[in-house]
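The values are calculated or read from the model by the stated rules, or taken from the named source; none is laboratory data. All of these numbers come straight from a predicted model, not from anything done at the bench. Every residue, glycine as well, gets a Cβ built from its backbone with ideal geometry; the counts of neighbours run over all protein chains shown.
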Amino acid sequence: MQKHINHQGQVLAVDPALTWVTLAQWREQAAVLSGQRLGLEFQPEENPDIVAADLNQFDALAARFPKFTDGRGLTIAQRLRVRYGWTGPLWAVGDVLQDQIFAMSRVGFDHFALREDQNLEATVAALTDGRVRYQASWDETLPLWRRVERPAPTPETTPDLVDFEASAIAWLRKAIAHGPAALASSMGKEDQAMTALIAREKLPISIFTLDTGRLPPQTLDLIAQTEERYRLRIRVLFPEAAAVEQWVAINGINGFRESVSQRKHCCEIRKLEPLRRALQGQSVWIAGLRRAHGEMRGDIEPIAHDAFTGIPKCAPLHDWSDTTLDAFLAKYDVPVNALHGQGYPSVGCAPCTRPIAPGEAVRAGRWWWEQGAARECGLHSTGAQESTGAQESTGAHE
Ligand code: SF4
């Protein structure tokens, strides 16, 4: 008989009053089914977006894992929890394997239907102690999906955005005045806010991003989502394949963990070289740096000469607080990385980013193993910029 457990490993009784339906059944028979206690099961290829308005009709949701190699149910769970705020039971059904169940719980599943032949004790152990890991780089011991939720801005804390928007737009226009300008987007919240402003104001600013080859899928999804939302094309630059191959051949696929210098060399190949290429022909580099990031970014100026690239670097959001930024994103429903809802305020390459604990610095999850080191990739090195002059108020950093 199939066993059902919750996220704490407790065995559950089957709920006989709950009727499970597929998305197709719901769409065909919603009028007949409404009013019953219903569970909706998503197949891997189904997108919860198309039934978002109906989610309150269900008492439970489920995503099916048809086989070990199919992880699309993880994306469905994340979307339901993060985008749609589903707080009810979320079942993982199908091939709910021992070595995946911890990852499933981290993205929001809290109920699991195990196969009849599955070892209950071993699966519960994998679920509750996390020693069996799936996608190990993402499964460090920190937060569950429900752990870090930034509270929505309240009327008392919502800043007056008009002045901040006006200031950011003014700095973007000053950037354009230097000549061709490009926004180097990491697809972070700041970059998304600036992309929204650039699109809204129809500013002649190109947008590019660096695909290091190690980005999490959520970041790649966000690129597509942003292009669709703002009807623009984001230029994606990749590292030189030969350089990456040679580095990996010498150091190993995760050799950046061996030393700070090795990590910086990886960043040089996967980020800095493509960045220099992207900025060729540009007169100004626009970045999403804010003073609120703290650490090495606490004193950035709005525009400053960048010695690394030899052109001015502009930080239009330099004076935006976290509250201002979140209020802007919420007000204009700007798409953001789904990982922000899982404890990743700063998202970089998958193996080099982990969630942060409450109270930790925003960038504490980046290269976390480098205790005490200046954890920057070199794109924004404080020592590499100089003020361009008082009338420009200076500054920059991502
Ligand atoms: S963040 Fe990590 S994987 Fe990405 S380029 Fe730097 S060292 Fe390499």
Going through (1) assigned to a helix (DSSP H, G or I); (2) in contact with a Gly (Cβ under 8 Å, 6 or more places away or on another chain) one by one, residue 75 fails only at (2)
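Hey, can you tell me all the residues within the range 220-229 that are surrounded by fewer than 23 Cβ atoms within 10 Å (Cβ to Cβ) and either closer than 20 Å to residue 317 by Cα or within 16 Å of the ligand (Cβ to nearest atom) (or both)? Explain how you work it out, then say what you get.
As a first pass, look at the range 220-229 and keep what is surrounded by fewer than 23 Cβ atoms within 10 Å (Cβ to Cβ): 220-221, 223-225, 227-229.
Listed by number, the list holds a single entry, 220.
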Sole miss for residue 271 among (1) more than 10 Å from the ligand (Cβ to nearest atom); (2) touching a residue at least 24 places away in the same chain (Cβ under 8 Å) is condition (1)
Screening 286, 303, 207 for residues that are touching a Lys or Arg at 6+ places or on another chain (Cβ under 9 Å), modelled with pLDDT under 95 and either within 14 Å of the ligand (Cβ to nearest atom) or β-branched (Val, Ile, Thr) (or both) leaves only 303
Restricted to the range 364-378 and to residues being surrounded by 20 or more Cβ atoms within 10 Å (Cβ to Cβ) and at pLDDT 60 or above, the residue farthest from the ligand (Cβ to nearest atom) is 365
Across the range 323-348, the tally of residues that are in contact with a His (Cβ under 9 Å, 6 or more places away or on another chain) and among the hydroxyl-bearing types (Ser, Thr, Tyr) stands at 1
Q) In this structure, does residue 303 turn out to be touching a residue at least 24 places away in the same chain (Cβ under 8 Å) and aliphatic (A, V, I, L, M)? A) yes
Among residues of the range 230-259 being assigned to a helix (DSSP H, G or I) and touching a residue at least 12 places away in the same chain (Cβ under 8 Å), the residue farthest from the ligand (Cβ to nearest atom) is 230
Only unsatisfied item for residue 324, checking (1) assigned to a helix (DSSP H, G or I); (2) within 16 Å of the ligand (Cβ to nearest atom); (3) of a type outside the set (Lys, Arg); (4) in contact with a helix residue (DSSP H, G or I) (Cβ under 7 Å, 6 or more places away or on another chain), is (2)
Within the range 327-358, the count of residues that are touching a Lys or Arg at 6+ places or on another chain (Cβ under 7 Å), within 16 Å of the ligand (Cβ to nearest atom) and in a loop (DSSP other than H, G, I, E, B) comes to 3
Subset of the range 85-99, residues part of a loop (DSSP other than H, G, I, E, B) and crowded, with 22+ Cβ neighbours inside 10 Å, comes to 96
| query | Could we say that residue 361 is more than 16 Å from the ligand (Cβ to nearest atom) and in contact (Cβ under 8 Å) with a residue 60 or more places away in the chain here? | reply | yes
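Give the residue, chosen from 284, 334, that is farther than 22 Å from residue 213 by Cβ and touching a strand residue (DSSP E or B) at 6+ places or on another chain (Cβ under 6 Å).
After applying the criteria, what remains is 284.
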Of the residues in the range 1-23, those that are under 16 Å from residue 116 (Cα atoms) and free of Cβ contacts under 8 Å to residues at least 40 places away in the same chain number 2
- Message: Tell me yes or no: at least one residue of the range 307-319 is assigned to a loop (DSSP other than H, G, I, E, B), surrounded by 19 or more Cβ atoms within 10 Å (Cβ to Cβ) and of a type in the set (A, V, I, L, M).
- Response: yes
